[in-house]
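First comes the structure, then the notes that go with it.
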Amino acid sequence: MPTKTTLFDPKTSPLWHPCTQMKDHEWLPLVKIKSGRGIYLEDYAGNRYIDAVSSWWVNILGHANPRINARMKEQLDTLEHVILAGFSHEPAEALARKLVDITPKGLSRVFYADNGSSGIEVALKMSYHYWLNNGLPNKSKFITLSNSYHGETLGALAVGDVSLYKETYKPLMMEVITAPSPDCFYRESGESWHDYSLRQFEKMESLLAQHHTEVSAVIVEPLIQCAGHMRMYHPIYLTKLREACDRYQVHLIADEIAVGFGRTGTLFACEQATITPDFMCLSKGLTGGYLPMCAVLTTDDMYNAFYDSYDSLRAFLHSHSYTGNPLAAAAALATIDILEKDNIIEQNQSLIECMKTETAHLSDHPHVYEVRQTGMVLAIEMIQEKASRTPYDWKERRGLRVYQHALTRGALLRPLGNVVYMMPPYVITQDEIKHLATVATEGIDIATA
């Protein structure tokens, strides 16, 4: 049983925490972390916690990874940062070459941003600007999926659809066209993921047929809508969407910020549909969870639409102060090197199977609607009544009860509403997965009692 930590006073501390109602911490202890190593975080009282959510999905190779540490220390003694306009450096160039090499064929240009939301902004602006440079200024709208999430900056928030984050700021945002999600939670009894995703695509096809002359791009999270309660769908939807975007002359933006670098069981989710998007946004796992960075990959066609003399005013004048930061690039190069040399994607297959096996019993739980999994992401959806799909009232905060129990059992499980999920670093062992499954089961029993 972990030692009780000192209660945090939200009224006196100057620190305002993200995605948090600070008043909660008048009664909910804040866990102050002293160090991390491998799969574990350790607090100041000496308690250890399995980081089952990869510290918000970023830490894919464990905390204080010695090989990433060494690469960053070497870079720190050489160059910490330099402006990337008019100057360059080897880590940014090497990372760009490596990303072009490992991503789907046809993605040949790399534009860096500071984080995932900023990268989405780059893709949105670049897509619209492409059509403008090609004499089609009316192609200024975007199609997004219901229940989607693409970040917190205004453009990224606008193309998302999770009301918890978006509703407050709607008056500040551009209007978008929203297509029904292929989220397979809503499939009919006996209907396969493939068939439901295909059926849902018909609604996207209809919107493209109706609006393609005014649509710049469709933006999707391939295979998993992560912030949307880890809802999942079949790759056939992406295959059909790529075909339709080509047919209607609309760009396809793949937001692989959360699902890239092995999360879905392949290096990139788009591989499972054998497609190349017009834009692929990569962040989170890109640097192994060490530093913020985003890479927006696109095509030669996109690049050439901006390549002209200065006085044509066709350049993409978008920048970030820390664009292509050498330390972040060094961390990313080390991360990719480990993924390749250690055959991480292949080794993850046994972990994926273990996650599935150890949580399978929860499908029979009276208050679990389904246990769903795509690669190294597994979600358990608690529900009040199965037959009618009646959810628990969100105000009851049942997921919070699971979180609180997990802390007493040495695990960080931070549910999304009523969805308990595991998205651990790839250095987790099967025994640690078994422990997480036990803790999750205990927490769900407590939360639904």
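The values are calculated or read from the model by the stated rules, or taken from the named source; none is laboratory data. All figures in this text were calculated on a predicted structure; none of them were measured in a lab. Cβ placement follows ideal geometry from the backbone for every residue including glycine, while neighbour counts extend to all protein chains displayed. Keep in mind that these areas ignore ligands, DNA and RNA; they rest on the heavy atoms of the full protein, side chains included. Shrake-Rupley method; radii C 1.70, N 1.55, O 1.52, S 1.80 Å.
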**Message:** For the stretch 205-222, check the following and say yes or no: at least one residue is closer than 30 Å to Asn133 by Cβ, open to solvent by less than 10 Å² (accessible area, probe 1.4 Å) and assigned to a helix (DSSP H, G or I).
**Reply:** yes
**Asked** Within the set of pairs 6+ apart or on separate chains, which have a first residue in the stretch 224-244 that is among the polar types (S, T, N, Q), a second that is open to solvent by less than 10 Å² (accessible area, probe 1.4 Å), and C-beta atoms under 6 Å apart?
**Response** Gln225/Ser148; Thr239/Ala273
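Would you confirm, using the coordinates I've provided, whether Leu339 is touching a helix residue (DSSP H, G or I) at 6+ places or on another chain (Cβ under 8 Å), within 30 Å of Ala70 (Cβ to Cβ), surrounded by 13 or more Cβ atoms within 10 Å (Cβ to Cβ) and in contact (Cβ under 8 Å) with a residue 40 or more places away in the chain?
The answer is yes for Leu339.
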**Request:** Please list, ordered by first then second residue, the pairs with beta carbon atoms under 7 Å, 6 or more apart or interchain, first in the stretch 432-449 and within 13 Å of Met382 (Cβ to Cβ), second assigned to a helix (DSSP H, G or I) and open to solvent by 10 Å² or more (accessible area, probe 1.4 Å).
**Result:** Gly443/Arg401; Gly443/His405; Ile446/Arg401; Ile446/His405; Ala447/Arg398; Ala447/Arg401; Thr448/Arg398
**Request:** Could you please find all residues in the stretch 275-307 being among the acidic types (Asp, Glu) and free of Cβ contacts under 8 Å to residues at least 60 places away in the same chain?
**Result:** Asp301
**Request:** Could you list, in sequence order, all residues of the stretch 238-248 that are surrounded by fewer than 23 Cβ atoms within 10 Å (Cβ to Cβ) and touching a strand residue (DSSP E or B) at 6+ places or on another chain (Cβ under 9 Å)?
**Result:** Arg242, Ala244, Asp246, Tyr248
**Message:** Which condition from (1) within 15 Å of Met230 (Cβ to Cβ); (2) assigned to a helix (DSSP H, G or I); (3) without any contact (Cβ under 8 Å) to a residue 40 or more places away in the chain is the one that Gly399 breaks?
**Reply:** (3)
**Message:** Can you find, within the stretch 12-29, the residue that is least open to solvent (accessible area, probe 1.4 Å) among those that are aliphatic (A, V, I, L, M) and in a loop (DSSP other than H, G, I, E, B)?
**Reply:** Leu28
**Prompt:** Does the stretch 137-156 hold any residues that are surrounded by fewer than 23 Cβ atoms within 10 Å (Cβ to Cβ) and closer than 22 Å to Ala258 by Cα, and which are they?
**Reply:** Ser146, Asn147, Glu152, Thr153, Leu154, Gly155
**Request:** Name the single residue, out of those in the stretch 352-361 being of a type in the set (A, V, I, L, M) and surrounded by fewer than 20 Cβ atoms within 10 Å (Cβ to Cβ), that is nearest to Met232 (Cα to Cα).
**Result:** Ile352
